[in-house]
1. For region 1-83, which trypsin sites (Lys or Arg not before Pro) are in a loop by DSSP, counting at most 16 other Cβ atoms within 10 Å?
2. What does the charge add up to near TYR139, with Lys and Arg as +1, Asp and Glu as -1, over the other residues with Cβ less than 12 Å from its Cβ?
3. What are the chymotrypsin sites (Phe, Trp or Tyr not before Pro) within region 113-168 that DSSP puts in a loop, where the Cβ has at most 11 other Cβ atoms within 10 Å?
4. Between beta-carbons, use under 13 Å as the cut-off and find the net charge around GLN54, counting Lys and Arg +1, Asp and Glu -1.
5. How much length, in nm to one decimal, is gained on full extension between TYR94 and GLU145, taken as 0.36 nm per residue of separation minus their Cα-Cα distance?
6. For the pair VAL81/LYS137, report the inter-label distance in nm, with labels modelled 7 Å from Cα in the Cβ direction.
7. I need the calculated FRET efficiency for the pair ARG69 and LYS175, taking r as the beta carbon distance and R₀ as 35 Å, to the nearest 0.05.
8. Label-point separation (nm) for ALA128 and ASN42, each offset 7 Å from Cα along Cα-to-Cβ?
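Derivation of every value follows stated rules applied to the coordinates shown; laboratory data play no part. Given the structure is predicted, the values throughout are model-derived calculations rather than measurements. We place every Cβ from the backbone using ideal geometry, glycine too, and count neighbours over all the protein chains shown.
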Amino acid sequence: MKLGIKFDKERGLPLILTGIIILVDQCTKAFIAAKWPISDNNVIADVFNNGFLQILHRRNDAIAFSLGRNMPDSIKPALFVVVPLLVLGVLLWYYLKSDDFTRMQRWAVAGILGGGMGNIIDRIFRPAGVVDFIDIKFYGLFGFERWPTFNAADSSVVVCCILLFISIILDSKNKKPGDVK
């Protein structure tokens, strides 16, 4: 069975971003976890001294926005580790196989892979849950006085998903009918 995977400079260079994101994410989480106890209310730092950006040490034993927190512990590993690993594996395989991505899209996918792996590493090696520490005031938007606490991996996934989405939309608008990539 031929997988059709290609590895060249165009595909390999953005994967450096994947590694950098994993490294930054794990180093910041290790620093927070080593220096401060887990607490929902203990503000480690108020960055601008106005409550807008605070550093805390929280743990999330579920997925984004604490979805699945009340699920039985017996199913969490399958849903929060195995399924995301499979999704990231398929995404990496398609990334390496496909010629459909633009340069920008390859960098965005690399950022998504790095952020996804950063949180999976926590789910595997931190029994108390994923380390979250960035807390931002959200001024009541979408019903949140404060945005749910997050980390560098979460930021990477969100920003890169937005960039990928915008890039796909702009790329499709720039193509003329009958264009082949």
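1. Working: sites: LYS2, LYS6, LYS9, ARG11, LYS29, LYS35, ARG58, ARG59, ARG69; in loops: LYS2, LYS6, ARG69.
In loop regions of region 1-83 (DSSP not H, G, I, E or B), the sparsely surrounded trypsin sites (Lys or Arg not before Pro) are LYS2, LYS6, ARG69.
2. Values: positive: LYS137, ARG146; negative: GLU145.
So the surrounding residues net to +1.
3. Details: sites: PHE125, PHE133, PHE138, TYR139, PHE142, PHE144, PHE150, PHE165; in loops: PHE138, TYR139, PHE144.
Here the sparse-neighbourhood loop sites are TYR139.
4. On the way: positive: ARG58, LYS137, ARG146; negative: ASP40, ASP46, ASP132, ASP135, GLU145.
Around GLN54, the surrounding residues sum to -2.
5. Details: separation 51, 0.36 × 51 = 18.36 nm, distance 3.89 nm.
Roughly 14.5 nm would be gained on extension.
6. Using points 7 Å along Cα→Cβ, the separation is 4.0 nm.
7. 0.25
8. Each label point lies 7 Å from its Cα, and together they span 0.8 nm.
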